[in-house]
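S.K.: Before anything else, here's the structure in question.
The values are calculated or read from the model by the stated rules, or taken from the named source; none is laboratory data. Since the model is a prediction, treat every value here as computed from it, not as a measurement. Cβ sites come from the backbone with ideal geometry, for glycine too, and all protein chains shown count toward neighbours.
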Amino acid sequence: MNFLALAQKLVEKCGMSGNGPVSVVGQTGEMKRAVNWINEAWLNIQEIREDWDWMRGSVSFSTVPQKAAYTAQEAGISDLAEWLMNTRICSFRTYDTDVGVASEIFLNYIDYNNYRDTYLYGNMRLSYARPLYITTTPDQSIALGQIPDSANYTIVGDYFKTPSQMTEDADIPALPSRFHMAIVYLAMVYYGEYEQDDYVRTTSMENFNKMLGRMNIAQLPEVVAGGALA
């Protein structure tokens, strides 16, 4: 469902007057509340977890000779919430652009303090080569070590996106369509609170929690068991 269809479904499920908004834009009164509740529900669902699968994106960018650090914007993305590099579910990689992915290798993650004391110290500031290590800086830039000696390296990896809002009738929330009713159920909770209708609030929260449980199974990273202890 798109933004408009979600708002119309909310009006239908709550038994509000009329047939629902004809647009999400320019509404007033009850229809404006319906539109706002849908958007609020969508934002809150995104913020329940920072690692929903639907909020995961990929990044690919080329190095710049003698440039160590790259902001999210320089890497070509504008919706960064968190880089996915120091985790069990993702690693950044690099390959020689001319050779292609046959030359791809994993980049080893190190924490920023170790990176700073290794690659931003003394003569290492002027030592350039193919990067083998990666970290995130305090301002959430990506930093490479050694500092690249050419523009011929491609860096690839994943990241999690910041929560988004819907603004137009045709906007579609990014979570899988089979879970779109979760947005409606949570918006119905807000309606029940506004109307002081405990039945609507309680039953809607029950329906939302059931769907949230299914979303947790389908849309969160798989838990990988650790190795045996020595």
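S.K.: Between a first residue in segment 38-58 that is more than 16 Å from MET1 (Cα to Cα) and a second residue that is of a type in the set (Asp, Glu) and in a loop (DSSP other than H, G, I, E, B), which pairs have beta carbons less than 8 Å apart while being 6 or more apart in sequence or on different chains?
M.R.: GLY57/ASP79
S.K.: Give the residue that is modelled with the lowest pLDDT, with candidates limited to residues of segment 110-133 that are assigned to a helix (DSSP H, G or I) and basic (Lys, Arg).
M.R.: Here the residue is ARG125.
Residue-by-condition table, conditions (1) surrounded by 12 or more Cβ atoms within 10 Å (Cβ to Cβ); (2) of a type outside the set (Phe, Trp, Tyr); (3) in contact with a strand residue (DSSP E or B) (Cβ under 8 Å, 6 or more places away or on another chain); (4) assigned by TED's automatic domain parsing to the domain that holds MET85:
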residue: ASN123; (1), (2), (3), (4): no, yes, no, yes
residue: ALA143; (1), (2), (3), (4): yes, yes, yes, yes
residue: PRO148; (1), (2), (3), (4): yes, yes, yes, yes
residue: ASN152; (1), (2), (3), (4): yes, yes, yes, yes
residue: ILE155; (1), (2), (3), (4): yes, yes, yes, yes
residue: ALA182; (1), (2), (3), (4): yes, yes, no, no
residue: GLN196; (1), (2), (3), (4): no, yes, no, no
residue: VAL200; (1), (2), (3), (4): yes, yes, no, no
residue: MET205; (1), (2), (3), (4): yes, yes, no, no
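S.K.: Same structure, new question: So, TYR191, is that one part of a helix (DSSP H, G or I) and more than 16 Å from ILE45 (Cα to Cα) or not? Walk me through how you get there before you give the answer.
M.R.: On the way: part of a helix (DSSP H, G or I): yes; more than 16 Å from ILE45 (Cα to Cα): yes.
In short, yes.
S.K.: Determine whether segment 45-54 contains at least one residue that is among the acidic types (Asp, Glu), part of a loop (DSSP other than H, G, I, E, B) and either within 17 Å of the chain's Cα centre (by Cα) or closer than 30 Å to GLN27 by Cβ (or both).
M.R.: Initial filter on segment 45-54 (among the acidic types (Asp, Glu)): 47, 50-51, 53.
Within this subset, residues satisfying the condition of being part of a loop (DSSP other than H, G, I, E, B) are 50-51.
Next, only the ones that are either within 17 Å of the chain's Cα centre (by Cα) or closer than 30 Å to GLN27 by Cβ (or both) stay: 50-51.
Yes, segment 45-54 has at least one match.
S.K.: Condition check: closer than 18 Å to GLU82 by Cα, surrounded by 17 or more Cβ atoms within 10 Å (Cβ to Cβ) and not assigned by TED's automatic domain parsing to the domain that holds TRP37. Does THR136 satisfy that? Before the answer, list the steps.
M.R.: On the way: closer than 18 Å to GLU82 by Cα: yes; surrounded by 17 or more Cβ atoms within 10 Å (Cβ to Cβ): yes; not assigned by TED's automatic domain parsing to the domain that holds TRP37: yes.
Spelling it out, THR136 is indeed closer than 18 Å to GLU82 by Cα, surrounded by 17 or more Cβ atoms within 10 Å (Cβ to Cβ) and not assigned by TED's automatic domain parsing to the domain that holds TRP37.
S.K.: Still on this model: I'm trying to understand the selection: among the residues of segment 55-70, which are buried (at least 20 other Cβ atoms within 10 Å of the Cβ) and assigned to a loop (DSSP other than H, G, I, E, B)? Full working, then the answer.
M.R.: At the first step, the residues of segment 55-70 found to be buried (at least 20 other Cβ atoms within 10 Å of the Cβ) are 55, 63, 68, 70.
Correct list: THR63, ALA68.
S.K.: Limited to segment 151-179, what total is found for residues that are within 16 Å of PHE61 (Cβ to Cβ) and not in a strand (DSSP E or B)? Spell out how you get there, then give the answer.
M.R.: Of all residues in segment 151-179, those within 16 Å of PHE61 (Cβ to Cβ) come to 151-159.
Of the ones still in play, those that are also not in a strand (DSSP E or B) are 151-152.
Here the count works out to 2.
S.K.: To continue, here is another question. What's the number of the only condition in (1) more than 16 Å from the chain's Cα centre (by Cα); (2) outside any helix (DSSP H, G or I) that SER78 fails to meet?
M.R.: Status for SER78: all satisfied but (1).
S.K.: Taking PHE92, is it out of contact with any Gly (no Cβ under 9 Å at 6 or more places or on another chain) and either at pLDDT 95 or above or more than 22 Å from ILE183 (Cα to Cα) (or both)? Break it down stepwise before answering.
M.R.: Details: out of contact with any Gly (no Cβ under 9 Å at 6 or more places or on another chain): no; either at pLDDT 95 or above or more than 22 Å from ILE183 (Cα to Cα) (or both): yes.
It is false that PHE92 is out of contact with any Gly (no Cβ under 9 Å at 6 or more places or on another chain) and either at pLDDT 95 or above or more than 22 Å from ILE183 (Cα to Cα) (or both).
S.K.: Quick one: is LEU4 in a helix (DSSP H, G or I) and within 22 Å of the chain's Cα centre (by Cα)? Talk me through it step by step, then tell me what you get.
M.R.: Values: in a helix (DSSP H, G or I): yes; within 22 Å of the chain's Cα centre (by Cα): no.
Answer is no for this residue.
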